[in-house]
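See below for the structure under consideration.
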Amino acid sequence: MFKISEFSRLSKVSLKTLRYYDQIGMLKPRKVDHDTGYRYYSADQLLELNRIFIYKELGFTLPQIIQLLREDITLEHIQGMFKLKKNEIQHIIDMEQAKLSRIEERMQLIDREGQVETGQEIRIKAEGTQPFLSLKARGREEDIPDLFRTFNQLLTKETRQLAQSPQVVLWKEIDEQEDEFEFEVGYFLTRELPLSPDAFQLRILPPEPMMATMTFRSDSTFACTACVDLAKWIEKNNYQIKENEPGREIYLPLSTKQDAQLMELQIPIINR
């Protein structure tokens, strides 16, 4: 048995907190000396205290924790709750990381203000008709990697063999949603499928005689300013963006050892 001061040192919980937990009936001492009033705790109560902290991390209130301790929740149930909480926190971290990335991009755009010329070549090229197998969704730019993960999980082995390696994203604006786009993520096919899988959309992309294109590494500074550079180039050269046709992003892996990708941004244009 340990005096409350010793138990406090072992558990790294303050004396004030231990006394309060005793007062509300959440963690009572194993023994109280009636003559001196000293509180004594046992070693196994460190595990009880650990459960209390687990429930606090999961967001439960102290009255709820008292009830949970009385119900003697199984370890498997606790682990399940922790996994859910971990996933929730990871989602928040991912969202905040995406915000941080957008802030960095905005800062780079601010640095580029007033600079009309770009050091990256912009070319006009034509694209022919192409069979395109895609997954359609609405969302934000940061949702694209998750869409591809979902897409790849749904692909059958036979279909994957017909898909060419570049990842392709088509995107269009949505009038009713100011912060979302309509995406199609997928792959060009080496030949048409006899039947389209239920979860996917299979269609023939029409030819585009004029595409303003810019190619860059995803980890380069051009990745943050590509749309601005393309817009300035289109405006300067007296073109306009073709209405009702989606822009395209093509992702090509550089090598198996690099996280960066080679990106090509394509915007359909016409003469003014």
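Looking at ILE267, ILE250, can you tell me which residue is within 21 Å of the chain's Cα centre (by Cα) and at pLDDT 85 or above? Let's see the steps before the verdict.
Numbers: ILE267 fails: within 21 Å of the chain's Cα centre (by Cα).
Exactly one of ILE267, ILE250 is within 21 Å of the chain's Cα centre (by Cα) and at pLDDT 85 or above, namely ILE250.
With TYR20, TYR40 as the choices, which residue is touching a strand residue (DSSP E or B) at 6+ places or on another chain (Cβ under 8 Å) and outside any loop (DSSP other than H, G, I, E, B)?
On the way: TYR20 fails: touching a strand residue (DSSP E or B) at 6+ places or on another chain (Cβ under 8 Å).
Residue meeting the stated conditions: TYR40.
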Could you tell me whether ARG106 is under 30 Å from MET214 (Cβ atoms) and modelled with pLDDT under 90? yes
Conditions (1) small (Gly, Ala, Ser); (2) within 41 Å of the chain's Cα centre (by Cα); (3) open to solvent by less than 50 Å² (accessible area, probe 1.4 Å); number of the one not met by GLY25: (2)
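When you check ILE66 against the structure, is it open to solvent by less than 40 Å² (accessible area, probe 1.4 Å) and in contact (Cβ under 8 Å) with a residue 40 or more places away in the chain, yes or no?
Details: open to solvent by less than 40 Å² (accessible area, probe 1.4 Å): yes; in contact (Cβ under 8 Å) with a residue 40 or more places away in the chain: yes.
It is true that ILE66 is open to solvent by less than 40 Å² (accessible area, probe 1.4 Å) and in contact (Cβ under 8 Å) with a residue 40 or more places away in the chain.
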Here are some residues: TYR55, TYR20. Which one is open to solvent by 80 Å² or more (accessible area, probe 1.4 Å) and either among the hydroxyl-bearing types (Ser, Thr, Tyr) or touching a Ser or Thr at 6+ places or on another chain (Cβ under 6 Å) (or both)? TYR20
Cβ-Cβ under 8 Å pairs, at least 6 apart or on other chains, segment 197-224 side part of a loop (DSSP other than H, G, I, E, B) and modelled with pLDDT under 70, far side among the aliphatic types (A, V, I, L, M) and open to solvent by 40 Å² or more (accessible area, probe 1.4 Å): PRO197/LEU154; ALA199/LEU154
Could you please let me know if GLY114 is within 30 Å of GLU142 (Cβ to Cβ), assigned by the TED database to the domain that holds TYR21 and either open to solvent by 50 Å² or more (accessible area, probe 1.4 Å) or at pLDDT 85 or above (or both)? no
Suppose the filter is part of a helix (DSSP H, G or I) and within 30 Å of PRO145 (Cα to Cα); does GLN67 pass it? no
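The values are calculated or read from the model by the stated rules, or taken from the named source; none is laboratory data. Note that this is a predicted model, so its numbers are computed, not measured. All Cβ positions, even for glycine, are placed from backbone atoms using ideal geometry, and neighbour counts span all protein chains on display. Heads up: the accessible areas ignore ligands, DNA and RNA and are worked out on the full protein's heavy atoms, side chains in. Shrake-Rupley method; radii C 1.70, N 1.55, O 1.52, S 1.80 Å.
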